[in-house]
1. Can you confirm whether residue 67 is touching a residue at least 24 places away in the same chain (Cβ under 8 Å) and open to solvent by 70 Å² or more (accessible area, probe 1.4 Å)?
2. Which pairs do you get when a residue that is part of a strand (DSSP E or B), found in the stretch 37-52, comes within reach of a residue that is open to solvent by 70 Å² or more (accessible area, probe 1.4 Å) and hydroxyl-bearing (Ser, Thr, Tyr), reach meaning Cβ atoms under 6 angstrom, with the pair 6+ apart or on two chains?
3. Name the residues in the stretch 70-85 that are open to solvent by less than 40 Å² (accessible area, probe 1.4 Å) and without any contact (Cβ under 8 Å) to a residue 60 or more places away in the chain, would you?
4. Just to be sure I understand, how many residues within the stretch 32-64 are open to solvent by less than 60 Å² (accessible area, probe 1.4 Å), in contact with a Lys or Arg (Cβ under 6 Å, 6 or more places away or on another chain) and among the aliphatic types (A, V, I, L, M)?
5. Would you point out which residue out of 65, 8 is in contact with a strand residue (DSSP E or B) (Cβ under 6 Å, 6 or more places away or on another chain), part of a loop (DSSP other than H, G, I, E, B) and not hydrophobic (A, V, I, L, M, F, W, C)?
6. Might you let me know whether the stretch 6-14 holds any residue that is closer than 14 Å to residue 80 by Cβ, aliphatic (A, V, I, L, M) and at pLDDT below 90?
7. Which members of the stretch 1-31 meet the condition of being open to solvent by 30 Å² or more (accessible area, probe 1.4 Å), among the small types (Gly, Ala, Ser) and under 21 Å from residue 68 (Cα atoms)?
Amino acid sequence: MTITNKSGMELTVFGKKIRQGQTRDFSAKYDSGIMVFSDAGCCKVYVEEGIVKFKAEGNLDAKYGMKRDKRGHKSVNIYAKGKKA
């Protein structure tokens, strides 16, 4: 699963930092999902019935990106609420 940081702050996924504008690939976790953390909130990205979905808390928001990964899952862009850069 591909996650792009468009939040304007540093994100943490599985202990790895994702800086502003950086994109990283992670293995999709069907049971627990992928948790994305920042100082402003968190976001859970998960796959349900073959579709990437997300739940956001705090000041983070997630939207589908234009690209797909090698498994055909849509990429996910993480934003700070109010920013859609």
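The values are calculated or read from the model by the stated rules, or taken from the named source; none is laboratory data. If you're wondering where the values come from, they're calculated on a predicted model, not measured in any experiment. Quick reminder, even Gly has a Cβ in these numbers, built from the backbone with ideal geometry, and neighbours come from all protein chains shown. Note: accessible area is taken over every heavy atom of the protein model, side chains too, but ligands, DNA and RNA are not part of it. Shrake-Rupley method; radii C 1.70, N 1.55, O 1.52, S 1.80 Å.
1. yes
2. 47/30
3. Across the stretch 70-85, the qualifying residue is only 72.
4. Going through the stretch 32-64 one residue at a time, the tally reaches 1.
5. 8
6. No, the stretch 6-14 contains no residue that is closer than 14 Å to residue 80 by Cβ, aliphatic (A, V, I, L, M) and at pLDDT below 90.
7. 21, 27, listed by residue number.
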